[in-house]
Structure formats: C-alpha cells, structure tokens
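So the structure is just underneath, and the comments pick up after that.
The values are calculated or read from the model by the stated rules, or taken from the named source; none is laboratory data. Treat the numbers as computed from the prediction; the structure is a model and nothing was measured. No Cβ is skipped: glycine too gets one built from the backbone with ideal geometry, and neighbour counts run over all protein chains shown. Note: accessible area is taken over every heavy atom of the protein model, side chains too, but ligands, DNA and RNA are not part of it. Shrake-Rupley method; radii C 1.70, N 1.55, O 1.52, S 1.80 Å.
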Amino acid sequence: MKKLRFGIIGCGGIANQKHLPALAKLADQVELVAFCDTVIERAEAAAAEYGVSEALVTEDYQEVVKQENIDVIHVLTPNISHSYITVDALEAGKHVMCEKPMAINYEEAKKMLDAAKRTGKKLTIGYQNRFRADSLATYDACSKGELGDIYFAKAHAVRRKGVPTWGVFPDKEKQGGGPLIDIGTHALDLTLWYMNNYKPKMVLGSTYQKLKDNPMANMFGSWNPETFETEDSAFGLIKMENGATIFLEAAWALNMINPKEAQVTLCGTEGGAEMFGKAFLDQGYVVFNKAAHNQLEQTEPSDAGGVFGFEGSSLEQKDAEAKQWVEAILNDTEPVVKPEQAIVVTQILEAIYKSAETGKVVEL
C-alpha cells in the first residue's frame, strides 16, 4: 500500500511533543518527507530524527506546499499564520491538519473552511483532548442521551501558575490572545462536542491581566513581565440559541488551589457528568451522577477495563488523534474534529475578547 507523504510546517514544541512522535508510530502508513521552520535548525533537527533520508528542509513554507508528491500537511505554526498557510495548502491539493485554535478570529477561520469546501480536501483541527478515554466515555454517554437535555455546562481551563514561557505564547500579535485562545479553546471544544450544540446566541466576557508582575513559582519558570502582553485569565458566559448556558473559565495563572484543565462539568435533565484528575496527562476520569431508586447516585470508573471499559482507552490522546486522522484520509471518511465545529469555537472565543474589550454583550 502506498504510504501517505506528510509535510510539517512548524517544527517547534507542539510538533516535537505531539505530532512527530505520534506520526512516527505509523511508519507503515506514513512518510515524513518535508520539514519547514523559520528557524532552520529546528527543521533540520526534526528531519534528522523523523524524516526520510531525502527529506526537504526549508525556511519557506511555500516550498512545502508546492511539492506535488506531498499528500498531507500539518500546520504547527503560531496562531497568526494558521489561516493563510492552511488555505494555501488546501488550494495546492493537500489535506491539512492545523493545530488549535483554528485561527485568530472567525473571519480567518471562515477562509479555511471555505477553502476546504472549495477544494474537496480534508481539514481537521488539533483538538486531541477528544481522544482521551474519559472524553470518549463522556461523549458516549451524551450521544446516547443518558444525561437528557444538557442545559448548563462549565468549560474548565484553569492553571494555578502555568504560564508558558517559551516561543511566542505571551505575544498577543502572533497568538491572538493568552490562555483563552490557548487552553480555553480545548475546554470549549469538548463542551460543544458533548452537548452537540453549535449554535451560540450571545456572549458576555471578561479578561484580566492581574498577575503579570508576579512570576514567582511558575511551573515553567519565571516569565518576563515586560514581554507578557496577553491576558492571564479570561471568563465567558455563553447563551445558546436553545437556551442552554455555558460558563468558560481560562487562566494560565489564577490563585486557586484546585486547577482543572481541558475538563468539563455537564448538567442535564436526566443526570450530570464531571471530569476530574490530570486529564492532560491521560490521567483523567469522569464521574456520572443521577437520581435513581429514590436516592442520589454517582458512578465512578473502575481500574478494570479502562474508563468504563471504553474500547481503545489504552491509546494516548496524541496517538489516537494521529491514527484516526491517517485512517480518515486513507478510507476517505470524515475526521473526528470537523472544521464546521472548530469554527464555532473560534467564533465564541473572539466574541469573549470583544465583549471584554467593549464591556457589552456580543450577539452572534
């Protein structure tokens, strides 16, 4: 069977932590044939470790896009460049995996979605948290209607002191924002997916930059307050067209004892679900609750058989994400994360920022 030939645009942290190791495990289906980064040494290092012997190494992403023998491109660059690189790759006839968030705003995300529809090529966004065992168990329960009508949810993306100090994370221009667009995007994606609700009506948001001058005890080392341009925390209240309410909390630094990241609380008419544990380390679990037998009950996972015995729970999220993406291309099926879903996440995040700036409710 012919292997899919991949080009990697952006060879920094997310490439080396997630995409490259996961794709390397699929060597019977995948060849990594091109590597691009504005810092050429990063592209050279990635090619040496993961690429074929004749792999292209370049600083110019257009050189990767124009290669006729490349089937798939991963866009792993700062947020500001997601849209135009993705559009160029789709127009060149490549399938594209773009890292989250889809884009820095709805307008740029819409260009990506339109290009995918126009070219007929597959586009997916890097929301790997959908592939955790606890996420799959939660989605399974929601899709079967076990929680009933889910009318209230909390999307949690809060760290006590976890400001990323590398790359361009504190750079507002290149990233489009701070924790809201960085980690809040994961929690919101999960929430909308569980609820199967992609029709927001209005948003009220607040952002804060209260702890930028207090870099002590940060898990990633001290940051430079002078270059910390983004918010350190953000909060949004989202009203959906059907009346459901979502509260989104996102923070790189917030003075609270029990942080929760890429986790969700769901409240429905028939029951609820709440996620606990270190989900980002594949150590999360979900607790379901309901009223039964004239008493309140809750169901916690057993160590036997993974999380509620869900098939595939032994796969790490990054490996499961890569596996389903490759299989979607080879089998011509839809990827789990659809751009039509991811664009709504971007739309809501942009509205929270706009509401925080204007002090007004933003109608969508």
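For this structure, a couple of remarks:
- Computed from backbone phi with θ = phi - 60° and the Karplus coefficients 6.51, -1.76 and 1.60, the 3J(HN,Hα) list for the range 35-51 is 9, 10, 7, 5, 9, 4, 4, 5, 5, 5, 5, 5, 5, 5, 8, 10, x Hz; x is used for glycine and proline.
- Over the chain, dividing the summed -39,500 (n - 2.57) contributions of all DSSP H runs of at least 4 residues by the number of residues returns a 222 nm mean residue ellipticity of -8500 deg cm²/dmol.
- Shape call, the range 85-158: gyration tensor on alpha carbons, a/c limit 1.5: prolate
- Per-residue Karplus couplings for the range 77-83, computed as 6.51 cos²θ - 1.76 cosθ + 1.60 with θ equal to phi - 60°, are listed in order as 9, x, 4, 4, 9, 4, 5 Hz, Gly and Pro entered as x.
- Coordinate range along principal axes, alpha carbons of the chain, Å, largest first: 67, 49, 40
- Computed FRET value (nearest 0.05) for Thr38 with Glu357, which takes r as the C-beta separation and R₀ as 22 Å: 0.15
- Look at where the Cα atoms of the range 191-216 and of the range 106-185 average out, and the two centres are 11 Å apart.
- Gain upon complete extension [Ala291, Glu173; 0.36 nm per residue less C-alpha separation]: 37.6 nm
- The residues packed around Glu226, meaning those with a beta-carbon under 14 Å from its beta-carbon, carry a net charge of -1 if Lys and Arg are +1 and Asp and Glu are -1.
- Of Tyr208, Tyr127, the order by accessible heavy-atom surface (1.4 Å probe, DNA, RNA and ligands excluded), from most exposed downward, is Tyr208, Tyr127.
- Between helix 317-331 and the chain: long-axis angle, C-alpha atoms, 0 to 90°, nearest 10: 60 degrees
- Taking 0.36 nm per residue of separation and subtracting the Cα-Cα distance, full extension of the segment from Gln283 to Glu229 would add 16.2 nm.
- Net charge of Cβ neighbours under 13 Å - reference Glu327; Lys, Arg +1; Asp, Glu -1: -3
- If you sort Met1, Met275 by accessible surface, 1.4 Å probe, largest first, the order is Met1, Met275.
- Share of alpha-carbon pairs per 10 Å distance bin for the range 48-110, given as whole %: 21, 51, 23, 4
- Between Asp140 and Thr299, the modelled label-to-label distance comes to 1.0 nm, taking each label 7 Å out from Cα in the direction of the beta carbon.
- For the chain, share of DSSP beta bridges that run antiparallel, in % to the nearest 5: 60 percent
- The calculated FRET efficiency for the pair Trp166 and Ser206, based on their C-beta separation and a Förster distance of 22 Å, comes to about 0.20.
- A cut-off under 11 angstrom between Cβ atoms defines the neighbours of Phe131, and their net charge, with Lys, Arg +1 and Asp, Glu -1, is -1.
- Accessible surface ranking that places the most exposed of Lys323, Lys94, Lys100 first, with a 1.4 angstrom probe: Lys323, Lys100, Lys94
- Pairs from Lys2/Lys323; Lys100/Lys318; Lys210/Lys239; Lys172/Lys338 whose Cα-Cα separation, in the structure shown, is over 18 Å: Lys210/Lys239; Lys172/Lys338
- Glu91 - accessible surface, heavy atoms, 1.4 Å probe, Å² rounded to 10: 90 Å²
- Between the range 311-364 and the range 33-83, the Cα center-to-center distance that results, in Å: 23 Å
- Relative contact order, percent, the chain [alpha-carbon distance under 8 Å, six or more residues apart]: 19 percent
- Nearest-10 value in Å² for the accessible area of Lys338, using the 1.4 Å probe: 50 Å²
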